[in-house]
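Peer 1: Encoded as structure tokens, here's the structure I'll be asking about.
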Amino acid sequence: MNITASRVAFLIRVTLLASTAGSAVLAQPTADPATPASTIAELQRQIDELKAMVAELKAAQQAAPRADRPAAALAQAAAAPEPAPQVDATKAGAEPAAAPVAVAAASQPIVLTQPRRRSKPWYEKLTLRGYTQMRLNEIISGDATAPAGISRLRSVGDSALSDRGNFSFRRVRLILQGDLNDHVSLYLQPDFATAVSNQSVGERRESFGQLRDAYVDVFPTADHSLRLRLGQSKVPFGWENLQSSSSRLALDRTDAINSAVPGERDLGIVLYYTPARVQQIWNRLALDGQKLFGNYGAFGLALYNGQGTNRTETNNNLMTVVMATWPFALDGLGLDGQVLEVGGALMRNRFQPELRSGGISPASFADNRVGLHAILYPQPFGVQAEWNWGTGPEFDPLTQSIRERPLSGGYIQAMARVKRSPLGPFMPFARWQHYRGGWKAALNAPRLETDELELGIEFQPMPPLELTFTYGHASRREADERRSGRAEGDVVRVQAQWNY
């Protein structure tokens, strides 16, 4: 049976008194002369042992009143007839679970069971969070409309930018994440702001749910410096591609960097490694409130299907990506707190674009790139830049077919950070982007020609709410191979983001 240590002591005392009384009777001159001396000696030995156990139990209770110490003391007392030194089970590396101990009191043993320390079940370790982005886009001047065959002012980053758009949901995200145990963590993210077409004679409908991320991280080492990511997750090509849209200053990713992985995700497996010294710098930046690129390693090696977010694999080739990024603390140069991060990535892939005539291209095209990035975190001023070069599928108007063509482009962004003001923290920024190359995610992989200068400011009047205002002057070729030329114009955009 399971009893407390105090009741054990009480029962031992009762047994001791009974035995003492019995020995006292045996010691009387009127005792049976036939009683052998060996029996008396054996009773005396048992009494001495019980006294020693009671003394040991009292000492253990006074030294450490924790639940695991009496069990350890009783275990030592039962293991040897002589009192033994105390051992703390937790320090000895023993499992702090049930530890039955038998105590030889009189003729029947008493079993003491240590209470089991239960950890939380996995479903109590999960957390739910998310964010929503609501936008208002207005083309205040320029080519908001155009005749058939001529490009209009549009953006591949936000389909709500048009001559008819007003308010729109850009993202409605819910994130379920947590540790299943010490070596496995879960991440699941749907988006409820996805649009679908052809619901009623080609009519577009908004706010459908779509899977964005669904993966587990497996940590083979105790320090979590190495992780194996399995499932649908972001492809580690492009610093701003990895950075969450909830953290990014500009409203959309640039055409040049995002053209490598439109949607940023694919299905596959990634190995990330982050040295402790790198993690320390990132932790310091996170505590300072800097906008980091997310929960990714300093080094990454990935294999994916290569066809994009939520698209069926169409060939037997795997997309291979190698990424490296390294932050350098500049305190030794007299720039206290400043961090410069530099890195790059390589991507090799074979891609089959969707055709306007239906289905996908029967031919696969080389989709290979190299990219470089550099970020000087704003403390209070900073600069961020990326560029990539490569080859990808692009529609050729002369041959009316998709061909492998060269591509290049990137961006430069200057920013500042004000931590305190009457309106809360704010960050002004200016970004210029440039791209020439195909957009493989659209039908027939049309060519993009983008030049845009964007000025903006982000306010955070309270932690759950962020407001961003931008003005941009753009010269763009529309992502439609049936339209030619470049549209120009000025755009004002406002976004409210609430975090929960």
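Peer 1: Please go through the range 455-500 and give me each residue that is within 12 Å of Leu153 (Cβ to Cβ) and in a strand (DSSP E or B), ordered by number.
Peer 2: If the condition is that a residue be within 12 Å of Leu153 (Cβ to Cβ) and in a strand (DSSP E or B), then Gly472, His473, Ala474, Ser475, Arg476, Ala487, Glu488, Gly489, Asp490, Val491 are the ones that fit.
Peer 1: Is it the case that Thr325 is in contact (Cβ under 8 Å) with a residue 40 or more places away in the chain, part of a loop (DSSP other than H, G, I, E, B), of a type in the set (S, T, N, Q) and on the phi < 0 side of the Ramachandran plot?
Peer 2: Working: in contact (Cβ under 8 Å) with a residue 40 or more places away in the chain: yes; part of a loop (DSSP other than H, G, I, E, B): no; of a type in the set (S, T, N, Q): yes; on the phi < 0 side of the Ramachandran plot: yes.
Spelling it out, it is not the case that Thr325 is in contact (Cβ under 8 Å) with a residue 40 or more places away in the chain, part of a loop (DSSP other than H, G, I, E, B), of a type in the set (S, T, N, Q) and on the phi < 0 side of the Ramachandran plot.
Peer 1: Right, next: Can we say Glu386 is crowded, with 17+ Cβ neighbours inside 10 Å, touching a His at 6+ places or on another chain (Cβ under 6 Å) and touching a residue at least 24 places away in the same chain (Cβ under 8 Å)? Steps first, answer last, please.
Peer 2: Details: crowded, with 17+ Cβ neighbours inside 10 Å: yes; touching a His at 6+ places or on another chain (Cβ under 6 Å): yes; touching a residue at least 24 places away in the same chain (Cβ under 8 Å): yes.
Against the criterion (crowded, with 17+ Cβ neighbours inside 10 Å, touching a His at 6+ places or on another chain (Cβ under 6 Å) and touching a residue at least 24 places away in the same chain (Cβ under 8 Å)), Glu386 qualifies.
Peer 1: Sticking with this structure for a sec: Check Ser162 against each of (1) at pLDDT 65 or above; (2) assigned to a strand (DSSP E or B) and name the one condition it does not meet.
Peer 2: For Ser162, the failing item is (2).
Peer 1: When the residues of the range 158-185 are narrowed to those that are polar (S, T, N, Q) and touching a residue at least 40 places away in the same chain (Cβ under 8 Å), which ends up surrounded by the most Cβ atoms within 10 Å (Cβ to Cβ)?
Peer 2: In the first step, residues of the range 158-185 are kept if they are polar (S, T, N, Q); the result is 159, 162, 166, 168, 177, 181, 185.
If we keep only those that are touching a residue at least 40 places away in the same chain (Cβ under 8 Å) too, we end up with 177, 181.
Numbers: Gln177: 17, Asn181: 10.
The qualifying residue surrounded by the most Cβ atoms within 10 Å (Cβ to Cβ) is Gln177.
Peer 1: To continue, here is another question. Say we look at the range 248-274 and pick out the residues that are within 17 Å of the chain's Cα centre (by Cα) and in a loop (DSSP other than H, G, I, E, B); which of these is nearest to Gln460 (Cα to Cα)? Full working, then the answer.
Peer 2: Within the range 248-274, the first condition is being within 17 Å of the chain's Cα centre (by Cα), and the residues that meet it are 248, 264-274.
With in a loop (DSSP other than H, G, I, E, B) added as a condition, the list becomes 248, 264, 274.
On the way: Arg248: 13, Glu264: 26, Thr274: 31 Å.
Residue satisfying both the conditions and the ranking: Arg248.
Peer 1: Only strands (runs of 3 or more DSSP E) wholly contained in the range 357-447 count here; list those with 2 or more residues that are among the charged types (D, E, K, R).
Peer 2: Here the list reads 381-396, 401-416, 426-438.
Peer 1: If a residue has to be modelled with pLDDT under 95 and aromatic (Phe, Trp, Tyr) to count, how many in the range 329-358 make the cut?
Peer 2: 0
Peer 1: Something else: If you check Val172, Val156, which single one turns out to be among the β-branched types (Val, Ile, Thr) and touching a strand residue (DSSP E or B) at 6+ places or on another chain (Cβ under 6 Å)? I'd like the intermediate steps shown before the answer.
Peer 2: On the way: Val156 fails: touching a strand residue (DSSP E or B) at 6+ places or on another chain (Cβ under 6 Å).
Sole residue among the options that is among the β-branched types (Val, Ile, Thr) and touching a strand residue (DSSP E or B) at 6+ places or on another chain (Cβ under 6 Å): Val172.
Peer 1: Quick test for you: out of Asn241, Asn283, pick the one residue that is crowded, with 18+ Cβ neighbours inside 10 Å, assigned by TED's automatic domain parsing to the domain that holds Gln433 and not in a loop (DSSP other than H, G, I, E, B).
Peer 2: After ruling out the rest, the residue left standing is Asn241.
The values are calculated or read from the model by the stated rules, or taken from the named source; none is laboratory data. Being a predicted model, the structure only gives us computed values, none of them experimental. For neighbour counting, all protein chains shown are included, and Cβ atoms are generated from backbone atoms with ideal geometry for every residue, glycine included.
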